[in-house]
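Shown next, in structure tokens, is the structure this report addresses.
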Amino acid sequence: MANIAVARIKREFKEVVKSEEVAKCHIKVELVDDSFTSLRGEILGPPDTPYEGGTFILDIRIPETYPFNPPKVQFLTKIWHPNISSVTGAICLDILKDQWAAAMTLRTVLLSLQALLAAPEPDDPQDAVVARQYKETSDIFSQTARHWASNYASAPHREPVMDDKVAQLKNMGFDEHKARVALSTHNWDIEQAMENILS
Amino acid sequence: MSNCRYTAVATWRWVANDDNCGICRMPFDGCCPDCKVPGDDCPLVWGRCSHCFHIHCIVKWLNSQQVHQLCPMCRQEWKFKE
């Protein structure tokens, strides 16, 4: 990999480790191997959001042309959010695409993602199903996002009614995650969700 | 009679408004990652927006921009300060 990319990641690493946000346990970066091209990020779900207290793991790939091109980032932790694919974890965020600037760093990227969790942009969605739910039934969206965060990101606030519905379908022999996706997609209507899984 | 000898030593610094280049994040007292020796071979340049970078770093950034050439720090249009 180009000299500048590795040299910069090494310096950034020290910066993130020393930063105030790490001291407060809000963001974290770790190496996956010793190559400095593949990193693991971690952000804490921001307060007063459905993601509050959850730990979200990110896969970060550093291109050879870094910092002239943005890092490739996606969520490894499953999440229900209008700008993040509930299927692949792909993120729709302008600074990770055409609005990237060479002065941005791993630290600012992680903080921007944390801000995205607090302020979704439903008009520029990555997951159209989630975005529609966010716009049309915001209460159900918040509960669904909280339910996903408690199940996949170890967030402390549970949604017992939704947990029960997933358990019901699971007891009938359906795969837990498939059941959760179908219920989330059909605003927690059990019959519609079952029809969807069986069709 | 005493014999005094003086050895002259000088230091230099770039007068920049920051300690590190925002692109490579190396100190301005040093050089960009592609150079070996700081100084005239790896000079600093300023934009009209007052942001400062190693010339090698900002040129690479500007070359990587297809449409608008913006300062990587403040996103204003990049113009070299005369």
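Some notes on this structure:
- For region A:3-118: relative contact order, % (alpha-carbon pairs under 8 angstrom, 6 or more apart): 22
- Rolling a 1.4 Å probe across all protein chains gives B:Lys81 an accessible area of roughly 120 Å².
- Of all lysines in the structure, those lying under 19 Å Cα to Cα from B:Lys81, and not within fewer than 8 positions of it along the same chain, are B:Lys60.
- Potential lengthening between A:Asp48 and A:Ile95 on full extension [0.36 nm per residue; Cα-Cα distance subtracted]: 14.5 nm
- Of all aspartates and glutamates in the structure, those lying under 18 Å Cα to Cα from A:Lys135, and not within fewer than 8 positions of it along the same chain, are A:Glu121, A:Asp123, A:Asp124, A:Asp127.
- Å² of accessible area per residue within region A:10-79, as computed with a 1.4 Å probe and no ligands counted: 50
- Packing-based ranking of A:156-164, A:133-141, A:73-81 yields A:73-81, A:133-141, A:156-164, ordered from highest to lowest mean Cβ neighbour count within 10 Å.
- Positive minus negative residues near A:Phe68 (Lys, Arg vs Asp, Glu; Cβ under 11 Å): +1
- Three semi-axes describe the equivalent ellipsoid of chain A; taken as square roots of 5 times the Cα gyration tensor eigenvalues and ordered largest first, they are 34, 16, 15 Å.
- Count Lys and Arg as plus one, Asp and Glu as minus one, and take only other residues whose Cβ is under 12 Å from that of A:Gly45; the net charge is then -2.
- Whole-percent carbon and sulfur share, accessible surface of the protein assembly as shown, 1.4 Å: 50
- With contacts taken as Cα pairs under 8 Å and at least 6 residues apart, chain A reaches a relative contact order of 16 percent.
- Placing one equal scatterer on every Cα of chain B and applying the Debye formula, the log10 ratio I(q)/I(0) at q = 0.15, 0.16, 0.17 Å⁻¹ is -0.55, -0.61, -0.67.
- Accessible area that becomes buried as B packs against A, both chains, 1.4 Å probe, Å², nearest 100: 1400
- Percentage relative contact order, chain B, counting C-alpha pairs under 8 Å, at least six apart: 23
- Per-residue mean of C-beta atoms belonging to partner chains within 10 Å, peptide A:103-115: 1
- Of A:Thr55, A:Leu39, A:Ile9, farthest towards positive along the dipole that unit charges on Lys, Arg, Asp, Glu beta carbons give region A:3-118: A:Ile9
- Estimated [θ] at 222 nm from DSSP helical runs (n ≥ 4, -39500 (n - 2.57)) normalised by residues in the protein assembly as shown, nearest 500: -10500 deg cm²/dmol
- For chain B, size of Cβ-based charge dipole, Lys and Arg +1, Asp and Glu -1, in debye: 40
The values are calculated or read from the model by the stated rules, or taken from the named source; none is laboratory data. Just so you know, these numbers come straight off a predicted model, no measurement behind them. All Cβ positions, even for glycine, are placed from backbone atoms using ideal geometry, and neighbour counts span all protein chains on display. The accessibility values were calculated without ligands, DNA or RNA, using every heavy atom of the protein model including side chains. Shrake-Rupley method; radii C 1.70, N 1.55, O 1.52, S 1.80 Å.
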